[in-house]
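Read the figures in this text as sums done on the coordinates, not as results from a lab. Predicted model, so just to flag it, every value in this text is computed and none were measured. FYI the Cβ positions are ideal-geometry reconstructions off the backbone, even for glycines, and counts take in every protein chain you see.
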């Protein structure tokens, strides 16, 4: 089974990002992202397999030692090869260190094949639209819509969680960061 550890936003940011994804669906461009039934998030790490109980204990310890962080969503981007449209946080050294420390705490789990989520190769992003399986114009229509409707968002990163990468995504465990 494949797993991910995700970093979650406060409810205000989460609602605004959900609204952007919903607009793509409401305009009948694509519903693929919403079908995954996942919360807006940054993926911090992906693993081929984990011992769930062990991972949960490690996440509890990690969360207790890491504080809620400011989140500033400042840009929109895309992976043109997969036709994925996303928003990106403004990153700082603390965010990269947070992800590096998470990987260190979970180093016993297998990350082979997930190199783009490892330290020094991470592209932090929050997916808004997945149009790779839609009509060829969907990517461009969704890009145009989101470029017109996106506004910068400020808030906080407040939780981390473990999910199974299934369709739809299965949330296993979440925990608030230390307030």
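Does any residue of segment 139-154 turn out to be part of a strand (DSSP E or B), touching a strand residue (DSSP E or B) at 6+ places or on another chain (Cβ under 9 Å) and in contact (Cβ under 8 Å) with a residue 12 or more places away in the chain? Scanning segment 139-154, I find at least one residue that is part of a strand (DSSP E or B), touching a strand residue (DSSP E or B) at 6+ places or on another chain (Cβ under 9 Å) and in contact (Cβ under 8 Å) with a residue 12 or more places away in the chain, so the answer is yes. Kindly indicate which of 53, 25, 21 is over 23 Å from residue 156 (Cα atoms), touching a helix residue (DSSP H, G or I) at 6+ places or on another chain (Cβ under 9 Å) and assigned to a helix (DSSP H, G or I). Answer to the check: 25.
Among the residues of segment 89-113, which ones are surrounded by fewer than 17 Cβ atoms within 10 Å (Cβ to Cβ) and outside any helix (DSSP H, G or I)? The answer is 90, 91, 92, 107, 108, 110, 111, 112, 113.
From 175, 160, which residue is under 21 Å from residue 101 (Cα atoms), over 15 Å from the mean Cα position of the chain (by Cα) and not in a loop (DSSP other than H, G, I, E, B)? So that I can check it myself, show each step before the final result.
Numbers: 160 fails: over 15 Å from the mean Cα position of the chain (by Cα).
Matching residue, one of 175, 160: 175.
Of the residues that make up segment 48-70, is at least one touching a strand residue (DSSP E or B) at 6+ places or on another chain (Cβ under 6 Å) and closer than 30 Å to residue 134 by Cβ? Checked segment 48-70: no residue is touching a strand residue (DSSP E or B) at 6+ places or on another chain (Cβ under 6 Å) and closer than 30 Å to residue 134 by Cβ.
Taken over segment 28-46, residues that are buried (at least 17 other Cβ atoms within 10 Å of the Cβ), in contact with a helix residue (DSSP H, G or I) (Cβ under 8 Å, 6 or more places away or on another chain) and not in a helix (DSSP H, G or I) amount to 8.
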